1. Here are the criteria: (1) part of a helix (DSSP H, G or I); (2) modelled with pLDDT under 85; (3) more than 14 Å from the chain's Cα centre (by Cα); (4) surrounded by fewer than 19 Cβ atoms within 10 Å (Cβ to Cβ). Tell me which single one residue 15 does not satisfy.
2. Can you tell me which residue within region 104-122, out of those that are within 14 Å of the chain's Cα centre (by Cα) and either surrounded by fewer than 21 Cβ atoms within 10 Å (Cβ to Cβ) or closer than 21 Å to residue 140 by Cα (or both), is modelled with the highest pLDDT?
3. Got at least one residue in region 175-189 being closer than 30 Å to residue 60 by Cα, at pLDDT 85 or above and not in a helix (DSSP H, G or I)?
4. Among the residues of region 158-172, is there at least one that is under 21 Å from residue 117 (Cβ atoms), assigned by TED's automatic domain parsing to the domain that holds residue 119 and either in contact with a strand residue (DSSP E or B) (Cβ under 6 Å, 6 or more places away or on another chain) or at pLDDT below 90 (or both)?
5. Considering only region 39-46, I want to know if a residue exists there that is in the same structural domain as residue 158 (by TED's automatic domain parsing) and farther than 20 Å from residue 155 by Cβ.
6. Would you call residue 146 farther than 27 Å from residue 176 by Cβ, over 16 Å from the mean Cα position of the chain (by Cα) and crowded, with 17+ Cβ neighbours inside 10 Å?
7. Among the numbered conditions (1) under 19 Å from the mean Cα position of the chain (by Cα); (2) farther than 24 Å from residue 152 by Cβ, tell me where residue 31 comes up short.
8. Assuming residue 69 fulfils every condition listed in (1) touching a helix residue (DSSP H, G or I) at 6+ places or on another chain (Cβ under 6 Å); (2) surrounded by 15 or more Cβ atoms within 10 Å (Cβ to Cβ) apart from one, which condition is it?
(Lines give C-alpha, C1' and ligand atoms only; values in the text may rest on other atoms or scores of the structure.)
Protein backbone atom coordinates (compact mmCIF):
# COMPACT_ATOMS: atom_id res chain seq x y z
CA UNK A 1 0.00 0.00 0.00
CA UNK A 2 1.46 3.35 -1.03
CA UNK A 3 2.03 6.07 1.56
CA UNK A 4 -0.25 8.58 -0.17
CA UNK A 5 -3.12 6.07 -0.14
CA UNK A 6 -3.11 5.76 3.61
CA UNK A 7 -4.47 9.21 4.39
CA UNK A 8 -4.42 10.05 8.06
CA UNK A 9 -3.34 6.54 8.96
CA UNK A 10 0.34 7.44 8.64
CA UNK A 11 -0.11 10.30 11.13
CA UNK A 12 -1.65 8.22 13.89
CA UNK A 13 -0.35 7.82 17.40
CA UNK A 14 2.09 4.93 17.00
CA UNK A 15 1.87 3.30 20.42
CA UNK A 16 -1.93 2.97 20.41
CA UNK A 17 -2.03 1.74 16.82
CA UNK A 18 0.62 -0.90 17.53
CA UNK A 19 -1.50 -2.10 20.45
CA UNK A 20 -4.55 -2.45 18.22
CA UNK A 21 -2.47 -4.29 15.62
CA UNK A 22 -1.23 -6.73 18.25
CA UNK A 23 -4.79 -7.81 19.02
CA UNK A 24 -5.59 -8.24 15.32
CA UNK A 25 -2.48 -10.38 14.84
CA UNK A 26 -3.71 -12.84 17.44
CA UNK A 27 -6.38 -14.01 15.00
CA UNK A 28 -5.39 -12.81 11.52
CA UNK A 29 -2.42 -13.07 9.19
CA UNK A 30 -0.32 -9.96 8.65
CA UNK A 31 -2.15 -8.58 5.62
CA UNK A 32 -5.62 -9.10 7.08
CA UNK A 33 -4.47 -7.66 10.39
CA UNK A 34 -3.19 -4.58 8.56
CA UNK A 35 -6.49 -4.02 6.76
CA UNK A 36 -8.38 -4.63 10.00
CA UNK A 37 -6.26 -1.92 11.59
CA UNK A 38 -6.89 0.48 8.69
CA UNK A 39 -10.63 -0.15 9.00
CA UNK A 40 -10.61 0.60 12.73
CA UNK A 41 -8.49 3.75 12.45
CA UNK A 42 -9.97 5.27 9.30
CA UNK A 43 -13.57 4.01 9.24
CA UNK A 44 -14.74 2.80 12.65
CA UNK A 45 -13.32 5.55 14.81
CA UNK A 46 -14.15 9.24 14.36
CA UNK A 47 -11.86 11.45 12.30
CA UNK A 48 -8.62 12.57 13.98
CA UNK A 49 -8.91 9.96 16.71
CA UNK A 50 -5.24 9.00 16.58
CA UNK A 51 -3.66 12.08 15.03
CA UNK A 52 -1.24 14.37 16.86
CA UNK A 53 -3.96 16.45 18.50
CA UNK A 54 -6.06 13.38 19.41
CA UNK A 55 -9.03 15.59 18.55
CA UNK A 56 -11.58 12.79 18.18
CA UNK A 57 -10.34 11.13 21.36
CA UNK A 58 -10.65 14.36 23.34
CA UNK A 59 -14.19 14.80 22.06
CA UNK A 60 -15.20 11.28 23.09
CA UNK A 61 -13.94 11.85 26.63
CA UNK A 62 -16.31 14.79 26.93
CA UNK A 63 -19.14 12.75 25.47
CA UNK A 64 -18.35 10.01 27.98
CA UNK A 65 -18.46 12.53 30.82
CA UNK A 66 -21.98 13.50 29.68
CA UNK A 67 -23.00 9.84 29.88
CA UNK A 68 -21.43 9.47 33.31
CA UNK A 69 -23.51 12.40 34.55
CA UNK A 70 -26.63 10.87 33.03
CA UNK A 71 -26.15 7.15 33.72
CA UNK A 72 -24.00 7.12 36.89
CA UNK A 73 -24.69 10.43 38.66
CA UNK A 74 -23.65 9.26 42.14
CA UNK A 75 -20.30 8.05 40.91
CA UNK A 76 -19.66 11.15 38.85
CA UNK A 77 -20.52 13.35 41.83
CA UNK A 78 -18.09 11.29 43.95
CA UNK A 79 -15.29 11.92 41.46
CA UNK A 80 -16.13 15.62 41.27
CA UNK A 81 -16.22 15.96 45.05
CA UNK A 82 -12.74 14.46 45.38
CA UNK A 83 -11.44 16.21 42.25
CA UNK A 84 -10.58 12.96 40.48
CA UNK A 85 -10.17 13.24 36.71
CA UNK A 86 -11.24 9.77 35.59
CA UNK A 87 -10.43 10.60 31.96
CA UNK A 88 -6.80 9.89 32.91
CA UNK A 89 -7.95 6.26 33.05
CA UNK A 90 -10.68 6.14 30.43
CA UNK A 91 -8.69 7.93 27.71
CA UNK A 92 -6.62 4.80 27.20
CA UNK A 93 -9.71 2.55 27.29
CA UNK A 94 -11.07 4.37 24.25
CA UNK A 95 -7.79 4.61 22.35
CA UNK A 96 -6.97 0.90 22.47
CA UNK A 97 -10.47 -0.53 23.10
CA UNK A 98 -9.64 -1.85 26.60
CA UNK A 99 -6.46 -3.74 25.66
CA UNK A 100 -4.40 -4.29 28.87
CA UNK A 101 -7.33 -3.03 30.95
CA UNK A 102 -9.48 -6.15 31.33
CA UNK A 103 -8.81 -9.89 31.47
CA UNK A 104 -8.51 -11.62 28.11
CA UNK A 105 -11.86 -13.48 28.19
CA UNK A 106 -13.72 -10.21 28.68
CA UNK A 107 -11.50 -8.34 26.23
CA UNK A 108 -12.36 -10.74 23.40
CA UNK A 109 -16.10 -10.40 24.14
CA UNK A 110 -15.76 -6.63 24.01
CA UNK A 111 -13.89 -6.80 20.71
CA UNK A 112 -16.52 -9.11 19.21
CA UNK A 113 -19.13 -6.49 19.99
CA UNK A 114 -16.87 -3.64 18.90
CA UNK A 115 -16.16 -5.16 15.47
CA UNK A 116 -19.87 -5.89 15.01
CA UNK A 117 -21.38 -2.59 16.21
CA UNK A 118 -18.52 -0.08 16.17
CA UNK A 119 -17.26 2.44 18.75
CA UNK A 120 -20.67 2.84 20.39
CA UNK A 121 -19.68 -0.33 22.26
CA UNK A 122 -16.77 1.42 23.96
CA UNK A 123 -19.16 3.80 25.72
CA UNK A 124 -21.36 0.92 26.81
CA UNK A 125 -18.56 -1.11 28.33
CA UNK A 126 -16.78 1.87 29.89
CA UNK A 127 -19.97 2.75 31.74
CA UNK A 128 -20.57 -0.91 32.60
CA UNK A 129 -17.10 -1.28 34.13
CA UNK A 130 -17.75 1.66 36.43
CA UNK A 131 -21.24 0.42 37.28
CA UNK A 132 -19.93 -3.06 38.04
CA UNK A 133 -17.60 -1.70 40.73
CA UNK A 134 -19.55 1.42 41.68
CA UNK A 135 -20.08 0.46 45.33
CA UNK A 136 -16.39 -0.32 45.82
CA UNK A 137 -15.32 2.98 44.28
CA UNK A 138 -17.80 4.94 46.40
CA UNK A 139 -16.18 3.50 49.52
CA UNK A 140 -12.89 5.21 48.65
CA UNK A 141 -12.90 8.50 50.50
CA UNK A 142 -9.90 10.44 49.24
CA UNK A 143 -8.49 11.24 45.83
CA UNK A 144 -5.34 9.16 46.23
CA UNK A 145 -7.16 5.96 47.17
CA UNK A 146 -9.76 6.52 44.44
CA UNK A 147 -7.14 6.97 41.75
CA UNK A 148 -5.14 3.96 42.93
CA UNK A 149 -8.34 1.90 42.81
CA UNK A 150 -9.15 3.08 39.29
CA UNK A 151 -5.76 1.98 38.03
CA UNK A 152 -6.40 -1.71 38.61
CA UNK A 153 -10.09 -2.32 39.35
CA UNK A 154 -11.03 -3.40 35.82
CA UNK A 155 -8.74 -6.43 36.02
CA UNK A 156 -10.66 -7.68 39.05
CA UNK A 157 -13.83 -7.97 36.96
CA UNK A 158 -14.17 -11.63 35.96
CA UNK A 159 -17.89 -12.21 35.37
CA UNK A 160 -18.31 -11.43 31.67
CA UNK A 161 -21.98 -12.36 31.68
CA UNK A 162 -22.76 -9.85 34.42
CA UNK A 163 -20.72 -7.15 32.65
CA UNK A 164 -22.55 -7.79 29.37
CA UNK A 165 -25.89 -7.57 31.16
CA UNK A 166 -24.96 -4.17 32.60
CA UNK A 167 -23.62 -2.92 29.26
CA UNK A 168 -26.59 -3.98 27.13
CA UNK A 169 -29.51 -3.89 29.57
CA UNK A 170 -28.49 -1.62 32.41
CA UNK A 171 -27.26 1.19 30.16
CA UNK A 172 -30.26 1.37 27.81
CA UNK A 173 -31.55 3.43 26.10
CA UNK A 174 -28.32 4.10 24.21
CA UNK A 175 -28.95 5.63 20.80
CA UNK A 176 -26.16 6.19 18.29
CA UNK A 177 -27.83 9.44 17.24
CA UNK A 178 -27.33 10.73 20.76
CA UNK A 179 -23.60 9.99 20.53
CA UNK A 180 -23.34 11.75 17.16
CA UNK A 181 -25.16 14.84 18.44
CA UNK A 182 -22.95 15.09 21.49
CA UNK A 183 -19.81 14.55 19.44
CA UNK A 184 -20.78 17.41 17.14
CA UNK A 185 -21.48 19.66 20.12
CA UNK A 186 -18.17 18.96 21.85
CA UNK A 187 -16.18 18.93 18.60
CA UNK A 188 -16.79 22.64 18.07
CA UNK A 189 -15.69 23.43 21.62
CA UNK A 190 -12.52 21.34 21.45
CA UNK A 191 -11.58 22.77 18.05
CA UNK A 192 -11.94 26.29 19.44
CA UNK A 193 -9.80 25.42 22.47
CA UNK A 194 -7.11 23.89 20.28
CA UNK A 195 -7.14 26.98 18.07
CA UNK A 196 -6.72 29.22 21.12
CA UNK A 197 -3.81 27.08 22.35
CA UNK A 198 -2.19 27.23 18.91
CA UNK A 199 -2.60 31.01 18.85
CA UNK A 200 -0.92 31.23 22.26
CA UNK A 201 1.91 29.00 21.03
CA UNK A 202 2.43 31.13 17.93
CA UNK A 203 2.44 34.33 20.01
CA UNK A 204 5.03 32.80 22.31
CA UNK A 205 7.24 31.79 19.38
CA UNK A 206 7.01 35.27 17.87
CA UNK A 207 7.88 36.88 21.21
CA UNK A 208 10.84 34.57 21.66
CA UNK A 209 12.16 35.31 18.19
CA UNK A 210 11.72 39.02 18.82
CA UNK A 211 13.69 38.81 22.07
CA UNK A 212 16.43 36.83 20.35
CA UNK A 213 16.65 39.41 17.57
CA UNK A 214 16.89 42.25 20.11
CA UNK A 215 19.57 40.31 21.97
CA UNK A 216 21.59 39.98 18.79
CA UNK A 217 21.30 43.71 18.09
CA UNK A 218 22.51 44.56 21.58
CA UNK A 219 25.47 42.22 21.17
CA UNK A 220 26.41 43.88 17.87
CA UNK A 221 26.23 47.33 19.48
CA UNK A 222 28.41 46.19 22.35
CA UNK A 223 31.01 44.87 19.91
CA UNK A 224 31.08 48.24 18.09
CA UNK A 225 31.55 50.10 21.38
CA UNK A 226 34.50 47.89 22.19
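1. Just one mismatch for residue 15, condition (3).
2. 120
3. Yes, there is a match, as at least one residue in region 175-189 is closer than 30 Å to residue 60 by Cα, at pLDDT 85 or above and not in a helix (DSSP H, G or I).
4. Kept after step one, since they are under 21 Å from residue 117 (Cβ atoms), are these residues of region 158-172: 160-172.
Still in the list and also assigned by TED's automatic domain parsing to the domain that holds residue 119: 160-172.
Of the ones still in play, those that are also either in contact with a strand residue (DSSP E or B) (Cβ under 6 Å, 6 or more places away or on another chain) or at pLDDT below 90 (or both) are 172.
Yes.
5. To start, the set of residues in region 39-46 that are in the same structural domain as residue 158 (by TED's automatic domain parsing) comprises none.
No, there is no match, as no residue in region 39-46 is in the same structural domain as residue 158 (by TED's automatic domain parsing) and farther than 20 Å from residue 155 by Cβ.
6. Numbers: farther than 27 Å from residue 176 by Cβ: yes; over 16 Å from the mean Cα position of the chain (by Cα): yes; crowded, with 17+ Cβ neighbours inside 10 Å: yes.
Taking the combined requirement at face value, the residue satisfies it.
7. (1)
8. Residue 69 satisfies every listed condition except (2).
The values are calculated or read from the model by the stated rules, or taken from the named source; none is laboratory data. Everything numeric here is computed off the predicted structure, so don't read it as measured data. Methodologically, a virtual Cβ is constructed for each residue, glycine included, from the backbone with ideal geometry; neighbour enumeration extends over all protein chains shown.
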